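Comments concern the structure below.
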């Protein structure tokens, strides 16, 4: 039996890694091994830069980089870069942008930009003793990060405040110090974590010299880490127009508005619908977050936590009709950055930010949330009119044709044929087989 474990893998060259992988897990599949090399950058310097992002990099995994144009955000026109593989997302976002372009566009507001991290503690003594210690040394704990914060303060950010919370009723002996930050145009993860660890170290030194704690009751730092739940880092986006301007697909404006609002209300009520509803929002959000080099996993975690902050998972968007005006809005927690991290390392991120006219972090929050609302509008519009599959399958047709190795002449014929015929994996496969058989 082949031994599939290895020591020192990270020390091998890239070619050696691929060779070992090919022999051990790919059964010597030369085509698969060659593909890994095929997707290297021709420019060795750029490839080296990509290799340095993570450990054990073998190749690059490409996703399409697209543009959704015609976004009117607060009176300014944007073309929004999106990185995503799902067929209909960019088309849907573009259609929604065009729809609202002449109806006042998207209006945005950054509600707040506070991020936080926590120092988690074990403490079995009297709560009032720990709180007294904390209040005595709070200023000293805050000043312990002065050196770390110099650059951040120059950019308008820094540590804002510290507070101590007693959670021992939920978990025995559990307390935490909450640290609130403004990180300006940086996402700030490394800055926040460095500050937390410095504060925790200072806390430990001060606690060890504090005489108020009983024997064996000195507080213990368990861990220090930022939180991706950012309910104080909020952006709101709204579109609004007269109900009469919503008439489409055989529905009057009033009928369309009624069905649309009802669909959103269902997502507010039923988690089974809310999850898919919000996934559609994240199609737009994640695509822009990826294109701009931000952490989409952190964004996803924070937004989904926000969706269930009231104890039940709910829609992130809201819709209503108010005095014959239709209003659709969204509020999202978004911790984003436009400096640091990949923004200076990944060439395509630099291009994306240039296309967006070099936004600040707050401006990027507005753009990302707008993409999410646009995507949600497009999806619900399809659901309450023609159905989601009609538009989606048309966009998916080219993927199916490629999957079945259709020749160029077959693709052209298929696009024409399926303008008036139902699209499914089976119908496309049968069309390709029949068309190419006739060509033969």
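Where a number appears in this text, it was derived from the coordinates with a stated rule and is not lab data. Since we're looking at a predicted model, the values are computed, not measured. We place every Cβ from the backbone using ideal geometry, glycine too, and count neighbours over all the protein chains shown.
Under the rule a/c < 1.5 gives rounded, and otherwise a/b versus b/c splits prolate from oblate, where does segment 316-434 land using the Cα gyration tensor? Oblate shape, in that a/c is at least 1.5 and b/c is the bigger or equal ratio.
When shorter helices are ignored and each DSSP H run of at least 4 residues is given -39500 (n - 2.57), the per-residue value for the chain at 222 nm works out to -15000 deg cm²/dmol. Computed log10 I(q)/I(0) for segment 1-62 at 0.14, 0.27 Å⁻¹: -0.42, -1.25, from the Debye equation with unit scatterers placed on every C-alpha and solvent omitted. Of 360, 194, 59, the residue with the greatest mean-square motion in the GNM of the chain, using alpha carbon springs below 10 Å, is 59. Relative to the longest principal axis of the Cα atoms of the chain, the long axis of helix 408-417 makes an angle of roughly 80 degrees.
Take every pair of alpha-carbon atoms less than 8 Å apart whose residues are at least six positions apart; their mean separation over the length of the chain yields a relative contact order of 17 percent.
Structural descriptor for segment 1-135: relative contact order 15 percent, calculated from alpha carbon pairs under 8 angstrom and at least 6 residues apart. Over segment 1-62, Cα pairs under 8 Å with separation of 6+ residues give a relative contact order of 33 percent.
When the Gaussian network model of the chain links Cα atoms closer than 10 Å, the mean-square fluctuations of 179, 406, 207 top out at 406.
Residue exposure proxy: 260, 9, 418, ordered by other Cβ atoms within 10 angstrom of their Cβ from fewest to most, comes out as 9, 418, 260. Stokes-Einstein, applied to the Kirkwood radius of segment 57-193 over Cα pairs at a viscosity of 1.306 mPa s and 10 °C, places its translational diffusion at 81 µm² s⁻¹. Rounded to the nearest 5, what % of DSSP beta bridges with both residues in the chain are antiparallel? So the antiparallel bridges amount to about 95 percent of the total.
With Rg and Dmax of the Cα atoms in Å in mind, check [x] 26.7, 91; [y] 25.4, 86; [z] 35.0, 102 and report the label derived from this structure. Structure-derived value, by its label: [x].
Here segment 273-297 and segment 67-93 have alpha carbon centers that stand 13 Å from each other. The angle separating the long axis of helix 127-143 from the principal Cα axis of greatest extent in the chain is about 70 degrees. For the chain, a Gaussian network of Cα nodes joined below 10 Å ranks 93, 301, 287 by mean-square fluctuation, and the top entry is 301.
Under Stokes-Einstein, with the Kirkwood radius over Cα pairs standing in for Rh, what whole-number D in µm²/s applies to segment 1-126 at 37 °C and 0.692 mPa s?
Answer, rounded: 164 µm²/s.
The alpha-carbon positions of segment 76-149 define a convex hull whose volume is 247 Å³ per residue.
If you take all C-alpha pairs in segment 115-226, what percent of them are over 20 Å apart?
38 percent
Against the chain, whose longest principal axis is taken from its Cα atoms, helix 189-208 shows a tilt of about 20°.
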